[in-house]
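Asks: Input: one structure, supplied below.
The values are calculated or read from the model by the stated rules, or taken from the named source; none is laboratory data. Note that this is a predicted model, so its numbers are computed, not measured. Here the Cβ positions follow ideal geometry from the backbone for every residue, glycine too, while neighbour counts run over all protein chains shown. Heavy atoms of the whole protein, side chains included, go into the accessibility calculation; ligands, DNA and RNA do not. Shrake-Rupley method; radii C 1.70, N 1.55, O 1.52, S 1.80 Å.
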Amino acid sequence: MMQLLILGIVAIVVFILEEYVFTASRHFWVGGIAPVLWTILLAYLVLVNAMDLTVREYALAIIAVIIPYVCWGNGYQRHQQRRRS
């Protein structure tokens, strides 16, 4: 349970950094580095702990993979709008 809590805290930090820091670049792909690395890390953790995970934890892992990509898109659009204004 503690490992899941720590992973959740790290996820929140990554999401905030993705939304406000990583997407500030003019280059769209720069913001994609964190979500791709995050996806690789989560895939590794799921594969290593596959026997011990519950359906709820699998669902949380899926959500934790999707959210950074949404933040990447939202942050990039927001920064593009600021540049145009």
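Asks: Residue by residue through the stretch 16-28, what is 3J(HN,Hα) from phi via Karplus (6.51 cos²θ - 1.76 cosθ + 1.60, θ = phi - 60°)? Round to whole Hz and write x for glycine and proline.
Replies: 5, 4, 4, 5, 10, 10, 5, 8, 6, 6, 6, 8, 4
Asks: Magnitude of the Cβ-charge dipole of the stretch 24-85, K/R +1 and D/E -1, about the Cα centre, nearest 20 debye?
Replies: Values: 6 positive and 2 negative charges, 127 e Å.
Rounded to the nearest 20 debye, it is 620 debye.
Asks: Also, quick follow-up: Given a 1.4 Å probe and every protein chain left where it sits, what share in percent of the accessible area of the chain is carbon and sulfur? Let's see the in-between values first.
Replies: Details: 4430 of 6080 Å².
Result for the chain: 73 percent of the exposed heavy-atom area is carbon or sulfur.
Asks: When ligands, DNA and RNA are left out and all protein chains stay put, how many square angstrom of accessible area per residue does the chain have with a 1.4 Å probe? Present the calculation step by step, with values, prior to reporting the outcome.
Replies: Values: 6080 Å² over 85 residues.
Using a 1.4 Å probe on heavy atoms only, each residue of the chain averages 72 Å².
Asks: Dividing the Cα radius of gyration by the Kirkwood radius, what Rg/Rh value follows for the chain? Before the final figure, lay out the partial values.
Replies: Working: Rg = 14.5 Å, Rh = 13.6 Å.
That ratio equals 1.06.
Asks: Rounded to the nearest 500, what is the 222 nm mean residue ellipticity of the chain from helices alone, with -39500 (n - 2.57) per DSSP H run of 4+ residues and division by all residues?
Replies: Values: 3 runs with 65 residues, N = 85.
-26500 deg cm²/dmol, from helical runs alone.
Asks: Another one. Taking H placed 1.01 Å from N in the peptide plane, check which residues at least 5 places from residue 53 or on another chain put their amide H under 5 Å from its amide H.
Replies: Amide H neighbours of residue 53, under 5 Å, 5+ apart: none.
Asks: Work from the charge dipole of the chain (Cβ charges, +1 for Lys and Arg, -1 for Asp and Glu, about the Cα centre) and give the residue of 71, 10, 28 farthest towards its positive end.
Replies: 28
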